[in-house]
Amino acid sequence: MNFLTLSLSLVFVFIPIVLSKVLKLELEKDTIIATVRSVVQLLAVGYVLKFVFDSENMIYILLMIILMIVAATHNARKKGTSIKGITWKLVVTFITIEVVTQTILLGFGIIPPTAQYLIPISGMMIGNSMVLSILFLNRFTAEIESNQDAIELILSLGGTPKQAIHTQLVNSIKASTIPTIESQKTIGLVQLPGMMSGQIIAGADPVQAVLFQLLILFLLLTTAVVSSALLGFLSYPSLFNERKQLLKKITTSTSDTEKS
Amino acid sequence: MTETNQAIQLNQVNYSITGELILKNITHSFPTGKITTLVGPSGAGKTTLFRLCNGLISRDSGEIFINGKSIDDYDPLVLRQTVGIALQSATMISGSIFDNLALPLTLKGEQLSEEDANKLLELVGLEKSLLYRNSKDLSGGQLQKVSIARTLVNEPSILLLDEITSSLDRVSQQDIEKLIKRINENYGTTIIWITHNLKQAYTIGDYTVVMMDGEVIESGPSDLLHNPKTNRTKKFVRGEIE
């Protein structure tokens, strides 16, 4: 594929813009911004990757991974601002995911320690962990807000914060990991995974492409469960103070009822 | 340590939410083994006072003594088992009545026997056949009784009741009033009961405390509601302040 054929593919951007205009969806501006950003970001990443691959220097690989973790943390932390110290909790989660998955992959010799493997797989793992973390944080904060009575019931009976929050924690971990598990059940039947499709289009042997895709799917399973569970167990203590009281920051709705 | 014939002693207690003072310099004592009713209009700070005593929130300033011991010297979990609280909402965990009755022991890693669960149901005047019924299938009055029984599993020496009969019919109200009297007489449990029903406050309480705007306005034997001393209490009793 060259830049001429890529420019022709912009017709696929033109179609939604026309439809948005006709149907008055008001999505034209966002569509154009998204297109420009994706072109600039991906081209930049492409050239950076080319440089890193050519150099084969571990320092550059490490820098790329750090950049991914910083970007993922910056994006996910917006959903957990009510949780004290959410930034470092996300950083710990992403680093753990990276260390666990790469240790297994490199330790068992599943992939060679080259930039060509390390960077794309790290990107997929950290990116997936970021999405899972956002799903988890959304659900967790909603669960706490809507179940404050149940949480305080357990506290009022002499339960620990962990016991008080257990149901909400488990519900949130399950809710955030279920989409990953469910999507794997229908994979190949409903849609071909993006990475596998890309490899096949680029001329790779379909069986080889499937084997790599399976590897990624298994890694995503670990990423899903470890991300949600780790973030959950790191997050819940900061919802309580040293007197084992549910903090007001999360429980903004209490202020209306507390006076009665 | 302080006087132990007082179950709860509050000394110049203040509590605020985002700068708004909810409890203002409260100094008051609740006698051990007695039933004290707490009355006052909505927004008086009554529920906040309960939450402070149960340790769900902490005061801004002042001192609170529970059974003569400073609230700060209690382990929070022990404090909440000592000062039980039952709320109007009678929140249940999902599951059966047995699951709810067993909850306080489950939290301590212990188990409730079926025999003890049945005794609890009997104590609060509920049929044994309800034991394995889902909590969602019970009426408001039945849930309130389960909530009280569940709180009693911890054998609290102080029981805080927050408008537990306000949404119940007359018969259920009387059942619960008899139950609370029985608990007080049989176990010597100190009862502090928030109620909007002034007749109930007069008939069931040994003492009554009137709160308004975060302050204790008047307190004394329950007949004070018949002979209030302050103009604000007189207005409240006449229904002019709600």
Open item on the list: At 15 angstrom or more along the helix axis (alpha-carbon based) and mean Kyte-Doolittle of 0.5 or higher, what helices does chain A contain? Whole DSSP H runs only.
Closed with: A:11-22, A:28-55, A:58-76, A:86-107, A:115-146, A:206-235
Open item on the list: Going by amide H atoms built from the backbone, whose H comes under 5 Å of the H on residue B:211, apart from near neighbours?
Closed with: B:39, B:40, B:217
Open item on the list: If N is the number of residues in the range B:130-205, what value comes out of its Cα radius of gyration divided by 2.2 N^0.38 Å?
Closed with: 1.09
Open item on the list: If DNA, RNA and ligands are ignored and the probe is 1.4 Å, what is the ranking of B:196, A:74 by accessible area, most exposed first?
Closed with: A:74, B:196
Open item on the list: Counting protein heavy atoms only and a 1.4 angstrom probe, how many square angstrom of accessible surface do chains B and A bury in total, to the nearest 100?
Closed with: 2500 Å²
Open item on the list: Please list 3J(HN,Hα) in residue order for the range B:138-152, calculated via the Karplus relation 6.51 cos²θ - 1.76 cosθ + 1.60 where θ = phi - 60°; whole Hz, with x for glycine and proline.
Closed with: 9, 6, x, x, 5, 4, 4, 5, 4, 4, 5, 4, 4, 5, 5
Open item on the list: For a quick check of understanding: with a 1.4 angstrom probe and all protein chains in place, what accessible area in square angstrom does residue B:235 have, to the nearest ten?
Closed with: 90 Å²
- [ ] Let me have the 222 nm mean residue ellipticity of the protein assembly as shown computed from DSSP H runs of 4+ only, each contributing -39500 (n - 2.57), with the sum over all residues rounded to the nearest 500.
- [x] -18000 deg cm²/dmol
- [ ] Any chance you could look up the accessible area of residue B:58 with a 1.4 Å probe, heavy atoms only, rounded to 10 Å²?
- [x] 50 Å²
Task: Lys, Arg +1 and Asp, Glu -1 on Cβ, resulting dipole of chain A about Cα centre, debye, nearest 20 - done: 500 debye
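Using a 1.4 Å probe on the protein heavy atoms, what percent of the accessible area of the range B:96-242 belongs to carbon and sulfur? The partial results should precede the final answer.
Details: 3090 of 6970 Å².
Percent of accessible area from carbon and sulfur atoms in the range B:96-242: 44.
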- [ ] May I have the pair-distance distribution P(r) for the range B:41-158, computed from all Cα-Cα distances with 5 Å bins from 0 and rounded to whole percent?
- [x] 2, 11, 20, 21, 16, 14, 10, 6, 2, 0
TODO: For the range A:56-257, report the convex hull volume of the alpha-carbon atoms normalised per residue, in Å³, without decimals.
DONE: 138 Å³
Task: Global form of the range A:1-55, assessed from the alpha-carbon gyration tensor, a/c cut-off 1.5 - done: oblate
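Let me know the charge dipole size of the range A:1-55 about its Cα centre in debye, to the nearest 20, where only the beta-carbon of Lys, Arg (+1) and Asp, Glu (-1) is charged. If you can, show how the numbers build up before the last one.
Values: 5 positive and 4 negative charges, 18 e Å.
Charge dipole, the range A:1-55, about its Cα centre: 80 debye, nearest 20.
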TODO: State the percentage of accessible surface on the range A:56-257 attributable to carbon and sulfur atoms; use a 1.4 Å probe and exclude ligands, DNA and RNA.
DONE: 67 percent
- [ ] Report, for the protein assembly as shown, the % of DSSP beta bridges that are antiparallel, rounded to 5.
- [x] 55 percent
TODO: For chain B, find the longest principal axis of its Cα atoms and tell me its angle to the long axis of helix B:114-123, 0 to 90°, nearest 10.
DONE: 40 degrees
Task: 1.4 Å probe, heavy atoms, protein only - residues of the range B:104-135 losing at least 10 Å² accessible area vs chain alone - done: B:104, B:107
Task: Surface per residue (accessible, 1.4 Å probe) for the range B:1-103, Å² - done: 35 Å²
TODO: Run the numbers on the range A:116-151: which residues show a drop of 10 Å² or more in accessible area, chain on its own versus all protein chains together, using a 1.4 Å probe over heavy atoms?
DONE: A:149, A:150
Task: Mean shadow area of chain B, taken as a quarter of the surface of its Cα convex hull (nm²) - done: 13.2 nm²
Open item on the list: Rounded, prolate or oblate for the range B:27-94? Axes are the square roots of the Cα gyration tensor eigenvalues, ordered a ≥ b ≥ c, and the cut-off for rounded is a/c under 1.5.
Closed with: rounded
- [ ] For the protein assembly as shown, report the translational diffusion coefficient in µm²/s to the nearest whole number, using Stokes-Einstein at 4 °C, 1.567 mPa s, and a Kirkwood Rh over Cα pairs.
- [x] 48 µm²/s
Open item on the list: Just to confirm my numbers, what's the Cα centroid distance between the range A:217-245 and the range A:21-87 in Å?
Closed with: 24 Å
TODO: Rounded to the nearest Å, what's the spacing between the alpha carbon centres of the range B:48-64 and the range B:110-132? Just the number, please.
DONE: 32 Å
Task: ³J(HN,Hα) computed for each position of the range B:166-180 - Karplus, 6.51 cos²θ - 1.76 cosθ + 1.60, integer Hz, glycine/proline x - done: 5, 10, 9, 6, 4, 5, 4, 4, 5, 4, 6, 4, 4, 4, 5
Task: Unit charges at the beta carbon, dipole of the range A:56-257: most positive-side option, A:104, A:239, A:129 - done: A:239
TODO: Over the range A:56-257, give the accessible area per residue in Å² for a 1.4 Å probe, as an integer.
DONE: 49 Å²
TODO: For the range A:1-55, with all protein chains present and a 1.4 Å probe, just round the carbon and sulfur fraction of the accessible area to a whole percent.
DONE: 76 percent
Task: residue A:6 accessible area, 1.4 Å probe, all protein chains in place, Å² to nearest 10 - done: 70 Å²
TODO: Using a Gaussian network model of chain B whose springs link C-alpha atoms within less than 10 Å, name the residue from B:68, B:95, B:84 with the highest mean-square fluctuation.
DONE: B:95
Task: Antiparallel content of DSSP bridges confined to chain B, in %, to 5 - done: 55 percent
- [ ] Please give the residues from the range B:64-92 for which the solvent-accessible area of heavy atoms, probe 1.4 Å, is smaller by at least 30 Å² with all protein chains in place than with the chain isolated.
- [x] B:76, B:77, B:80, B:91
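The values are calculated or read from the model by the stated rules, or taken from the named source; none is laboratory data. Predicted, not measured: the structure shown is a model, and the values here were computed from it. With ideal geometry, Cβ positions are generated from the backbone for all residues, glycine too; neighbour counts draw on all protein chains shown. We work out accessible area using only protein heavy atoms, side chains counted, and drop any ligands, DNA or RNA first. Shrake-Rupley method; radii C 1.70, N 1.55, O 1.52, S 1.80 Å.
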